[in-house]
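Colleague: Structure provided below as structure tokens; questions to follow.
The values are calculated or read from the model by the stated rules, or taken from the named source; none is laboratory data. Computed from a prediction, not measured in an experiment: that's the story for all the values here. All Cβ positions, even for glycine, are placed from backbone atoms using ideal geometry, and neighbour counts span all protein chains on display.
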Amino acid sequence: MNLVGHLRCFVAVAEELHFGRAAERLGMAQPPLSQRIQRLERELGVRLFDRSSRKVALTAPGTLLLDEARDILTRVDRIYSVAERTRRGEVGTVRAGLPSDLGGRVLAALVAAFRERRPDLRLDLRETGTAEQVRALAEGTLDAGVVRHPCDSRDLEFGPLLGQPVGVLLPDGADLAASAGVPLADLAGRDLVVFPRAEAPGAHDELLASCRRHGYAPPAVHEARHPQFAVGLVLAGTAVALVPRTDDLAGVTWRPLLGEPLAWRTSCAWRRASGPGRARDPERALAIADFTAVATAVLRGEAGMTPLDGAPARRVVQRPASGFLA
């Protein structure tokens, strides 16, 4: 029995509740349609429809099976679509932006998890900060990204907001390195190493403002795009770096800040589908949804981020740069 063909007939009759209209919709005569439904019922061992001279109605088993049948047909159509794109030499790609400080272990886990979930797609990852990701998403040169909040949220949608406490990176020999936790105010007098403001202006400014509120106003702020550069400045002995928990690094020690006064807020982001000329291909929308699900799970499992329930991403509306789509 051609199960897929019989399920298409079942769904058509279930939606039309009329064999004549369903046959017309399927481009076939009514008697063969009735025969297919009967064969499906025999195969499944249940009656799918109550038939009378006046009406057709779904039975209780038919009602339960309808959603399952629709799901199967959707998946079958997707298989045919993937096969057709492959036949034409079209390989689907998801272009995603990631901040430079996620770390190699997180990156590898993300690639592996996405490959397992969507083996039919190629993942094109680009190391780029939040501000550039926002521009690229608006211009359509990125499909999705992992951004720090607050950021310009115009024309974007966001996945679950995740929090990641920030601690301090100290030289091994520093007095504070022997403490289980460090009060933020005890860092007074030391220069600060932090990610470049150009990468995530909102998150950068928020972090410095939080430092001042908790009694730490660094004499100088040094920007480090790559973790190893930050480590080098910390090893020089005059600066500390504010970063999430890191793997053990030679010569430096990471300690949590007492009371967790600082945290990075992170989420996946993608371009809003609504608006003139912005209707999204359903296949691409599904690919973006799959990337968001995978990235969120990896950020929680590998980067130690936790959901911020009931705390939506704060929206910062900035004047659009040249080239933003209206």
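Colleague: Which helices (runs of 4 or more DSSP H) sit wholly inside region 1-96 and have at least 1 residues that are under 26 Å from Ala285 (Cα atoms)?
Modeller: Answer list for region 1-96: 3-16, 60-87.
Colleague: Among the candidates Ala136, Ala131, Ala57, Ala69, which residue alone is surrounded by fewer than 13 Cβ atoms within 10 Å (Cβ to Cβ) and among the aliphatic types (A, V, I, L, M)? Even if it seems obvious, please write down each step before you answer.
Modeller: Values: Ala136 fails: surrounded by fewer than 13 Cβ atoms within 10 Å (Cβ to Cβ); Ala131 fails: surrounded by fewer than 13 Cβ atoms within 10 Å (Cβ to Cβ); Ala69 fails: surrounded by fewer than 13 Cβ atoms within 10 Å (Cβ to Cβ).
None of the other options fit; the residue is Ala57.
Colleague: Then there is this: With the requirement that a residue be hydroxyl-bearing (Ser, Thr, Tyr) and not in a helix (DSSP H, G or I), what does region 105-132 give you?
Modeller: Result: Thr128, single match.
Colleague: Just to be sure I understand, how many residues within region 138-170 are assigned to a loop (DSSP other than H, G, I, E, B) and over 30 Å from Thr253 (Cβ atoms)?
Modeller: Looking only at that region, the number is 11.
Colleague: Take the residues in region 117-151 that are of a type in the set (Asp, Glu) and closer than 16 Å to Leu286 by Cβ, then tell me which one is modelled with the lowest pLDDT. Don't jump to the end; show me each part of the working.
Modeller: Initially, region 117-151 is screened for residues of a type in the set (Asp, Glu), giving 120, 124, 127, 132, 139, 143.
Adding the requirement that they be closer than 16 Å to Leu286 by Cβ leaves 120, 143.
On the way: Asp120: 83, Asp143: 93.
Here the answer is Asp120.
Colleague: Let me ask something additional. Of the residues in region 4-60, how many are closer than 26 Å to Ile79 by Cα, hydrophobic (A, V, I, L, M, F, W, C) and without any contact (Cβ under 8 Å) to a residue 40 or more places away in the chain?
Modeller: 10
Colleague: Then there is this: Taking only region 291-305 into account, find how many residues are in contact with a helix residue (DSSP H, G or I) (Cβ under 9 Å, 6 or more places away or on another chain) and part of a helix (DSSP H, G or I).
Modeller: Residues flagged as in contact with a helix residue (DSSP H, G or I) (Cβ under 9 Å, 6 or more places away or on another chain) and part of a helix (DSSP H, G or I) within region 291-305 amount to 9.
Colleague: Taking region 168-191, which residues are under 14 Å from Leu262 (Cα atoms), among the hydrophobic types (A, V, I, L, M, F, W, C) and touching a residue at least 40 places away in the same chain (Cβ under 8 Å)?
Modeller: Val168, Leu169, Val182, Leu184, Leu187
Colleague: Could you please find all residues in region 108-127 being within 27 Å of Asp155 (Cβ to Cβ) and either free of Cβ contacts under 8 Å to residues at least 60 places away in the same chain or out of contact with any helix residue (DSSP H, G or I) (no Cβ under 8 Å at 6 or more places or on another chain) (or both)?
Modeller: Arg122, Asp124, Leu125, Arg126, Glu127
Colleague: Would you be able to say whether some residue in region 214-221 is in the same structural domain as Leu187 (by TED's automatic domain parsing), among the aromatic types (Phe, Trp, Tyr), over 19 Å from Gly163 (Cα atoms) and crowded, with 20+ Cβ neighbours inside 10 Å?
Modeller: Within region 214-221, one or more residues are in the same structural domain as Leu187 (by TED's automatic domain parsing), among the aromatic types (Phe, Trp, Tyr), over 19 Å from Gly163 (Cα atoms) and crowded, with 20+ Cβ neighbours inside 10 Å.
Colleague: Do we find that Arg148 is assigned by TED's automatic domain parsing to the domain that holds Leu98 and closer than 23 Å to Leu257 by Cα in this structure?
Modeller: yes
Colleague: Still on this structure: Go through region 202-227 residue by residue and tally those that are under 21 Å from Leu176 (Cα atoms), part of a helix (DSSP H, G or I) and out of contact with any strand residue (DSSP E or B) (no Cβ under 8 Å at 6 or more places or on another chain).
Modeller: 3
Colleague: Scanning for something surrounded by fewer than 20 Cβ atoms within 10 Å (Cβ to Cβ) and part of a strand (DSSP E or B), does region 185-192 turn up at least one residue?
Modeller: Checked region 185-192: at least one residue is surrounded by fewer than 20 Cβ atoms within 10 Å (Cβ to Cβ) and part of a strand (DSSP E or B).
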